[in-house]
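The values are calculated or read from the model by the stated rules, or taken from the named source; none is laboratory data. This structure is a prediction, so every number in the text was calculated from the model and none was measured. Here the Cβ positions follow ideal geometry from the backbone for every residue, glycine too, while neighbour counts run over all protein chains shown. Note: accessible area is taken over every heavy atom of the protein model, side chains too, but ligands, DNA and RNA are not part of it. Shrake-Rupley method; radii C 1.70, N 1.55, O 1.52, S 1.80 Å.
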Amino acid sequence: MTGESHENEPAKDEPTEPAPHTAAINPDPGAPVSAEAEQDPAPEASGDNHGDGMATGESDPASTAAPDVSEEATAWAGAQTPPGWHDSAGSPQPHGTTPPPGHEPRSDSPAYGPPWPMPAPRPRPPLPETPRWLLPAALVAGLLAAVLVPAARPGVGVTLAAVTVMLVVARGAAHRACVWSMLFGLVTVGLVAVPTLRDAQWLAVPSLLLAGGLASLAVSGAGRHWFGLLWGSFSVLRALGSVPRFLAAPLQTPEARRTWVPLVGGLAAAVVLVAVFGLLFAWADAVFAELLRGFLTPDRPGSAALNVVVFLAAVLVAGAGVLVGAWPVADSRLRPRTTGPSRALWLIPLASVNVLFAMFVAVQAPRLFGGHATVQDVTGLIYADYAREGFFQLVVVAVLVLALVALARWLVPRERVTDHRMLTVLLGVLCVLTIIVLASALHRIDLYVDMFGFTRTRAMVFGAILWILAVFLLTLTAGVRDLWGHGVTWFPRAVALATGVGMLVFVAWNPDARIAESLETREVATVDAWYVSGLSADALPVVAGLPEPARSCALGSMNDRLERDEPATAWNHARSQARELLDGLYWTDPAGLDCPTHWQDGDMDRREY
């Protein structure tokens, strides 16, 4: 039996017949196969053969035989051939193989590429079903916005256009109605009314931006966690890329095509006919030509382009708001920690920070809350230096404390009840000490304003400190409720709502009027006539009571800026009231006065900020 088995095996000294060259070079699968290859196919070179030798664990010499290729040709192929190549059909071929003659790669695919198939493009995510009323409503809202938003200064038209878009979005996202969405909606309406009530554009622009963020939160339903609040504030902007597909979805059905194609064709024919006959009538009658010219010619350069941009923006925002409302609520959050650091890692740093804050408040108390006498007793310390000394550092400290509170609350899990309560108490003490530091910063600004009056920068800083104080009070409230076992998922949305309400309070405070009011009884009002002249019409009722010559300089400058022929869509309450007041006032012509045209050299403290 042994001898017979050895007779069947090939001799070790005899060369084994090489596999055909076509198997070694992996020809194109689409190439024709010769008759000899069909009758005597070459054995596979892989380990998947299941012959008798493989069944007994022995290797088949024919399956491992090397092709009849010289050593020099093999070395050249290994040195010259990149990691892989694509055949004429675009299929990737294995590493180390060379393209056969006459099988050049396709012109639309790379000659050499990775030895793995390229991944297919990711499919676009499916969109929810589009309401049939959405596209007509969005187009109507866009047309109204294009007509209402003026090319002149913003006014009631901006408010009406924003409310129109909000009504379209509210109908599509009515299922998201809750207490928070209603509160956000009310604050949003108040913010979009700012361009109608105030003339100061430095108040109108941030109010509109903040209104957009709050409206996005109301539609998205997010805000239970900080990351959800952040993503929810930009949800409408993030959905703008999918709006064209979302709005065009109802037009893809055969029924819709039978309706919209004749309508579009009819509108196109109407435009052509009206244009032809309108031009003929214009050539025939000069009065009609003048009327047509006044209707088609924009009042201001670029107003036609502005109308197109406003139309597209209103349509896209309306569609994006409905799309966000149709999507599921995406309230992202950090993964809660089940295990936290040991107590020493957070207890010692927080306790040390609390001791440092307490020492700072105790040692600096006489200066932190010092009045005019404290400022005058310190050698070389003027009001400007005292107000600016450490002010911005104190504000940065307050912001860092908020970040420290958020980080500590995330690191220590709620499951460790004792550690969680200790952490809440330490953070509460830290927040109380930070509130005292912020009150000191507010007092410094108040001393500076009491001496030199308000500017817009000081008014913004004043409002920012009050907003940070409100956030700390909300943080303390959330900590107390959490200490008693109540939920605090309302806290992120409460901060967002407080931001919107704070902006409304700041606008109602009328900063430009307060700036003029702070100068009304001061001698430096004559020096600051240039600054007062640049205030908006919101300050005109107060400017009318300033001493001369600042009064005449400011009134003359404001009268020149107020346009008397504004369109109805640019109506503004402050400007309208200022025009009526100017008609009943008398002032000296500024041309005969020595009105300053820049900051005076003797007013360095006011120029700083």
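Miscellaneous remarks
- Taken as a whole, the structure leaves Val219 outside the set of residues that are assigned to a helix (DSSP H, G or I), over 30 Å from Val488 (Cβ atoms) and among the β-branched types (Val, Ile, Thr).
- Considering region 509-555, and only residues there that are modelled with pLDDT of 75 or more, in contact with a helix residue (DSSP H, G or I) (Cβ under 7 Å, 6 or more places away or on another chain) and among the hydroxyl-bearing types (Ser, Thr, Tyr), the residue that is farthest from Leu585 (Cα to Cα) turns out to be Ser518.
- Across region 155-164, the number of residues qualifying as touching a helix residue (DSSP H, G or I) at 6+ places or on another chain (Cβ under 6 Å), open to solvent by 20 Å² or more (accessible area, probe 1.4 Å) and of a type in the set (A, V, I, L, M, F, W, C) comes to 4.
- Screening Arg493 on (1) at pLDDT 90 or above; (2) surrounded by fewer than 18 Cβ atoms within 10 Å (Cβ to Cβ) shows it passes everything except condition (2).
- Hey, Ser216 closer than 30 Å to Ala403 by Cβ and hydroxyl-bearing (Ser, Thr, Tyr) or not: yes
- Residue that is least open to solvent (accessible area, probe 1.4 Å), among those in region 531-554 that are closer than 15 Å to Arg456 by Cβ, assigned to a helix (DSSP H, G or I) and among the hydroxyl-bearing types (Ser, Thr, Tyr): Ser533
- Qualifying residues in region 193-207 (those that are in a helix (DSSP H, G or I) and surrounded by 18 or more Cβ atoms within 10 Å (Cβ to Cβ)) - the one nearest to the chain's Cα centre (by Cα): Ser207
- Some residue of region 451-458 being of a type in the set (Phe, Trp, Tyr), more than 15 Å from Cys431 (Cα to Cα) and under 31 Å from the mean Cα position of the chain (by Cα): no
- Reported count of residues in region 222-237, each being at pLDDT 90 or above, part of a helix (DSSP H, G or I) and open to solvent by 30 Å² or more (accessible area, probe 1.4 Å), is 2.
- All of Ile436, Ile468, Ile445 fail the test of being β-branched (Val, Ile, Thr) and modelled with pLDDT of 90 or more, apart from Ile468.
Conditions tested, residue by residue: (1) open to solvent by 30 Å² or more (accessible area, probe 1.4 Å); (2) in a loop (DSSP other than H, G, I, E, B); (3) hydroxyl-bearing (Ser, Thr, Tyr).
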| position | (1), (2), (3) |
| --- | --- |
| Ile465 | no, no, no |
| Ala470 | yes, no, no |
| Leu476 | yes, no, no |
| Gly487 | yes, yes, no |
| Ala508 | yes, no, no |
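- Residue list for region 165-183, restricted to those being of a type in the set (Val, Ile, Thr) and open to solvent by less than 30 Å² (accessible area, probe 1.4 Å): Val165, Val168, Val169
- Residues that are of a type in the set (Val, Ile, Thr), at pLDDT 70 or above and either assigned to a loop (DSSP other than H, G, I, E, B) or over 22 Å from Leu160 (Cβ atoms) (or both), drawn from region 563-609: Thr588
- Restricting the first member to region 238-259 and to residues that are at positive phi, and the second to residues that are surrounded by 13 or more Cβ atoms within 10 Å (Cβ to Cβ) and modelled with pLDDT under 80, no beta-carbon pair is closer than 7 Å while six or more apart or on different chains.
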